[in-house]
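Please read the structure below before turning to the comments.
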Amino acid sequence: MAERDIAISDTRQPLGPLAERGWSLHCGEGVDADATVSELSKLGDRLGTRVPGRAGSLEEVIEPQGTDDAHPRSLSARYGLGALPFHTELSHRTRPCRYLLLGCIDPGALTAATILLDWRTLGFSSQELDLLEGTAVLVRSGRRSFYATILAPGGVFLRYDPSCLEAVDKRGRIALALVEDRIAAGSPQVHHWHRADILIIDNWRVLHGRSSSDRGSGRRLARILIDA
Ligand SMILES: [Fe+2]
C-alpha cells in the first residue's frame, strides 16, 4: 500500500479542498487546547449540525485506547493500540454523520498518524458498485442492529467498518471482501499531527484509519461529528 503525506491546504479557505477532494487540513493558530477546540467548533458549525458520538457527547477528546478501556463495540475494543483499520465514522447509525472534524490538542511523543482513503479512488467497476449497492449486510449495534447496503442508494456514501458490518450470505461475504481487498491495494494519504492542526473529513467519501499507537504516547485529539 503506497502512502503519501498530505499537503496543507490554504488555511484561509479550508472548505474549498473539502469539496474537491473530500478532506481539508487547516493549520490552526490555537496555542492551547481551548483555542483549538473553539476553532474546531466554529468550522463544524459552518458545515452543519453537531451529532453526539458513541459515548453520547457532542464534543469528545480521543486518545488511543487499549482493548480494555474501549467501548465494547468500538474498533479500539478489537484492535486496541494497534493500527485501526479504515472505516466510516458512525457506521452503526442508519445514516453515518457527513463530516468528522479532528483537532490536535497534543500530538504526543510517538505520534499515531491518521490515514485517509477516498473510496471513489478504489477503482470499483459499475458491476462492483451494483453489488455494493444491492447487497444487504448486517450492521451490528446491539438491540438497534439493522440491515443495510455497504453503498447507499445512488452511491451517496460508503458504509464500511469491520467492527460492525457482518455478511449474512455469500453475496455479502463477496461484497465485504471486495472492499477489504481494494482498501488493502489503495493509496491512502497520511497525516502526521502537529499541535493545533484541524482535519476536516467528508465521512461519506473518505474512509479514515490510524497507524498503530502506543499507550502513554500522549496523543489527544478533539473530535466533533457533523450532520449536513
Ligand atoms: Fe473513526
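The values are calculated or read from the model by the stated rules, or taken from the named source; none is laboratory data. Note that this is a predicted model, so its numbers are computed, not measured. Cβ atoms come from the backbone with ideal geometry, glycine included; neighbour counts cover every protein chain shown. Remember, those area values only see protein heavy atoms, side chains included, never the ligands or the DNA or RNA. Shrake-Rupley method; radii C 1.70, N 1.55, O 1.52, S 1.80 Å.
For the reader, a short list of remarks on this structure follows.
- Within the option set His71, His87, being within 16 Å of the ligand (Cβ to nearest atom), in contact (Cβ under 8 Å) with a residue 24 or more places away in the chain and either under 16 Å from Arg205 (Cβ atoms) or surrounded by fewer than 22 Cβ atoms within 10 Å (Cβ to Cβ) (or both) holds for one residue only, His87.
- Summed over the range 121-144, the residues that are within 27 Å of Ser211 (Cβ to Cβ) and exposed (fewer than 12 other Cβ atoms within 10 Å of the Cβ) give a count of 1.
- Test: residue in the range 132-139 that is farther than 19 Å from Val190 by Cβ and among the acidic types (Asp, Glu): yes
- Residues located in the range 90-108, provided they are more than 21 Å from Pro153 (Cα to Cα) and more than 16 Å from the ligand (Cβ to nearest atom): Ile105, Asp106, Pro107, Gly108
- Among the residues here, Thr111 qualifies as more than 16 Å from the ligand (Cβ to nearest atom), at pLDDT below 95 and open to solvent by 20 Å² or more (accessible area, probe 1.4 Å).
- Residue in the range 176-199 that is surrounded by the fewest Cβ atoms within 10 Å (Cβ to Cβ), counting only those that are β-branched (Val, Ile, Thr) and within 23 Å of Gln65 (Cβ to Cβ): Val190
- Filter result (exposed (fewer than 15 other Cβ atoms within 10 Å of the Cβ), closer than 21 Å to Ile226 by Cβ and in contact with a Leu (Cβ under 9 Å, 6 or more places away or on another chain)) within the range 41-68: Arg46, Pro52, Leu58, Val61
- Condition check for Arg46: of a type outside the set (Val, Ile, Thr), under 13 Å from the mean Cα position of the chain (by Cα), away from the ligand (no atom under 12 Å from the Cβ) and at negative phi: no
- Meets criteria (charged (D, E, K, R), away from the ligand (no atom under 14 Å from the Cβ) and within 18 Å of Trp204 (Cβ to Cβ)) for Glu128: no
- Tally of residues being open to solvent by less than 40 Å² (accessible area, probe 1.4 Å) and over 16 Å from Leu221 (Cα atoms) across the range 90-101: 5
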